[in-house]
Structures are given as structure tokens and as C-alpha cells.
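Derivation of every value follows stated rules applied to the coordinates shown; laboratory data play no part. Keep in mind the model is a prediction, meaning the values are calculated, not measured. In this analysis, Cβ positions are derived from the backbone assuming ideal geometry, glycine residues included, and neighbour counts consider all displayed protein chains.
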Amino acid sequence: SAVISQKPSRDICQRGTSLTIQCQVDSQVTMMFWYRQQPGQSLTLIATANQGSEATYESGFVIDKFPISRPNLTFSTLTVSNMSPEDSSIYLCSVQDPTGGRGGETQYFGPGTRLLVL
Amino acid sequence: DAKTTQPNSMESNEEEPVHLPCNHSTISGTDYIHWYRQLPSQGPEYVIHGLTSNVNNRMASLAIAEDRKSSTLILHRATLRDAAVYYCILRDMKTSYDKVIFGPGTSLSVIP
């Protein structure tokens, strides 16, 4: 299993500013994932972050808006840049435990960061 | 990518069994069936997964149709703490570290 912590747990920000969200895992993992969950909606994958390489972004998400760092195998950050009220969401960090074998990997999620942009 | 279809919402009485269905008619032979759930104000958590045979663990049972085009997550005795959104997801065993894409899931309400 993996235990994931995120900071901050919540924040209220002004439009036009940026917020960096930290994700810490208690074990080394190859890939980390960042999700967004808008109010009342399901989770949407933002990007996949591999240590030592640039993150891979999903359609509709760009690096300028959501830059990601992955400096080591236990840590990652997601920055929400130039925020607008539409960015108000829960942002979740996630990792996979590969011990279940291909297709059987268990995904673990952090508690999320609740962001409100005014 | 193979997709899944689930009812938007379901209700259950407390202490009764709950059967949460999932249709995945385009499933491939290498797709595992995974279930996650998201309790209120928490991140999703793993529930169970299987390939062809029915599976049981301490949280739930997974019944997989013989043709694998549908599956059912079974909570044997619903409690109020089981009120959550349940997601049925397919994971391809051909690809390691395949990204997990969530559908809308089924919102389960448990009535005392």
C-alpha cells in the first residue's frame, strides 16, 4: 500500500494568482498522477508525472496552466497558474502499486486539495 | 479504450445486500475489471478487481459474467458508511502503469 499526503488541504485564492500543491508518498513510485474533480463531478486526469522526465498531459490540459514537477520518486508538485473561478475544484494526487501485476495495479489517492478561487 | 456503463444512482436499505451493476460490452481479453469507491470528502479507494473468476475480499465480492461483458459489485450487508460513489474501471494488462480513467460512477445511498 501507499500513504499519500497533500498540502495544502484547502485554500482560498484570488483570481490571477497561482497555487502550488504538494504531494508526498511514503514509498518510491515510478509514476504519479494528478486529477481534478470539479464540484459534483467525477475525476478527470490532468497529467501523468514520471520522475526525471516531462509530464504527459491529457487533452484539454496544458503545461503553462498546470506545470508539474517530479524531482524524486516520492514527491511531486502541481501548480495551478493564473487562476480563475473555473479552477475551483478538488485536486488529487495518485500513485500505483505495481505488485498486482500488469492490469492488476492498485491505485492509491491522496486526500485532495480543495481550492476555491474568488 | 473499452468503456463502462453504470447507473447514475442506487438506493439500499441498511443491512441489506447491494448489487451494483456495470456493463462493459467492448471489454478486451486483457482488461481487468476494477472497482473503486469515493466516500464523501475523501479520495477514491480501491475495492476489488478481477479478470474472469468471481472474487471475494473483506470489503465486497465481484461477480463477473461468463462473457465478461458485465460485472456486479456485491456489498453483502450495506452500512451507512458504504454510502459513496462507486466506479467500475477497466485496466489493460498489456500496458503497465496504464492511466486510470474514471466514468461518472454510481452514487449509492444507504437508508437507515
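Under a Cβ-Cβ cut-off of 14 Å, what is the net charge of the residues other than B:ASP82 that fall near it, where Lys and Arg count +1 and Asp and Glu count -1?
Value of the local net charge: -1.
I need the semi-axes of the equivalent ellipsoid of region B:8-112: take the C-alpha gyration tensor, multiply each eigenvalue by 5, square-root it, list largest first in whole angstrom.
Semi-axis lengths for region B:8-112 are 23, 15, 11 Å.
Please report the equivalent ellipsoid semi-axes of region A:32-79, computed as sqrt(5 x eigenvalue) of the Cα gyration tensor, largest first, in whole Å.
Working through the eigenvalues yields semi-axes of 20, 12, 9 Å.
Hey, could you grab the Kirkwood Rh for the protein assembly as shown? Inverse mean 1/r over distinct alpha carbon pairs, Å, one decimal.
Value: 18.3 Å, from the Cα pair sum.
Provide the net charge surrounding A:VAL29, with neighbours chosen by a C-beta distance below 11 Å and charges set as Lys +1, Arg +1, Asp -1, Glu -1.
Every neighbour counted, the sum reads -2.
Using the alpha carbon gyration tensor of region A:1-68, what are the three equivalent-ellipsoid semi-axes (square root of 5 times each eigenvalue), largest first, in whole Å?
20, 16, 13
Pairs of alpha-carbon atoms within less than 8 angstrom and 6+ residues apart define the contacts here; what relative contact order does chain B have, in percent?
Reported relative contact order: 37 percent.
Give me the net charge of B:LEU20's neighbourhood, meaning all other residues with Cβ under 11 Å from the Cβ of B:LEU20; Lys, Arg count +1, Asp, Glu -1.
Once positives and negatives cancel, what remains is 0.
For chain A, what is Rg from Cα atoms divided by 2.2 N^0.38 Å, rounded to two decimals?
Dividing the Cα radius of gyration by 2.2 N^0.38 Å gives 1.02.
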